[in-house]
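I have placed the structure first, in the form of structure tokens, so that the comments after it can refer back to it.
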């Protein structure tokens with residue numbers, strides 16, 4: 001499976017190490033025309049989501065915004081990190097210029113089509 005993404009193996013900057021983040025679970029589904037990533041980002045609104053491509057790296061970052069009513073305070077909090085962060089290295093067979101994304105019900109769907117040269121094509125055989 002040459003077109004799937006892999007988690008980027010790079011050393012985080014000191015600022016990234018100081019800020020605690022959650023690693024969102026991501027499902028990657030490949031078909032003949034590209035890949036689709038499904039990232040679980042509960043508590044992240046579209047306005048607090050940052051999806052970007054730099055070179056061959058796709059980065060997903062989101063800031064949690066869980067509203068607590070004014071007169072209440074959380075008695076128990078299991079999620080201490082305020083941000084999600086995940087990076088992937090994209091295959092050269094994918095067309096990063098045509099990435100599409102949508103966020104619905106806390107699930108980010110990212111569609112990355114294969115580049116035209118990597119798409120399957122039918123070759124016509126001529127009779128001799």
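Got a sec? Which of 48, 17 is at pLDDT below 95 and either in contact with a helix residue (DSSP H, G or I) (Cβ under 6 Å, 6 or more places away or on another chain) or in a strand (DSSP E or B) (or both)?
After applying the criteria, what remains is 48.
Quick check, is residue 66 closer than 17 Å to residue 103 by Cα and free of Cβ contacts under 8 Å to residues at least 24 places away in the same chain?
On the way: closer than 17 Å to residue 103 by Cα: yes; free of Cβ contacts under 8 Å to residues at least 24 places away in the same chain: yes.
It is true that residue 66 is closer than 17 Å to residue 103 by Cα and free of Cβ contacts under 8 Å to residues at least 24 places away in the same chain.
Of the conditions (1) part of a loop (DSSP other than H, G, I, E, B); (2) more than 21 Å from residue 29 (Cα to Cα), residue 92 fails just one. Which one is it?
All conditions pass for residue 92, except number (2).
With the structure loaded, tell me whether residue 52 is under 17 Å from residue 109 (Cβ atoms), surrounded by 14 or more Cβ atoms within 10 Å (Cβ to Cβ) and under 12 Å from the mean Cα position of the chain (by Cα) or whether it fails that test.
Working: under 17 Å from residue 109 (Cβ atoms): yes; surrounded by 14 or more Cβ atoms within 10 Å (Cβ to Cβ): no; under 12 Å from the mean Cα position of the chain (by Cα): yes.
So residue 52 does not fit the description; no.
Pull up region 102-128, narrow it to residues that are free of Cβ contacts under 8 Å to residues at least 40 places away in the same chain and surrounded by 10 or more Cβ atoms within 10 Å (Cβ to Cβ), then point me to the one that is farthest from residue 26 (Cα to Cα).
Here is the first cut: in region 102-128, the ones free of Cβ contacts under 8 Å to residues at least 40 places away in the same chain are 102, 104-105, 115-117, 121-128.
Still in the list and also surrounded by 10 or more Cβ atoms within 10 Å (Cβ to Cβ): 102, 115.
Details: 102: 14, 115: 22 Å.
The residue in question is 115.
If residue 42 satisfies all but one of (1) at pLDDT below 80; (2) in a loop (DSSP other than H, G, I, E, B), what's the number of the condition it fails?
For residue 42, the exception is condition (1).
The values are calculated or read from the model by the stated rules, or taken from the named source; none is laboratory data. Keep in mind the model is a prediction, meaning the values are calculated, not measured. Glycine gets a Cβ as well: all are built from the backbone with ideal geometry, and neighbour counts include every protein chain shown.
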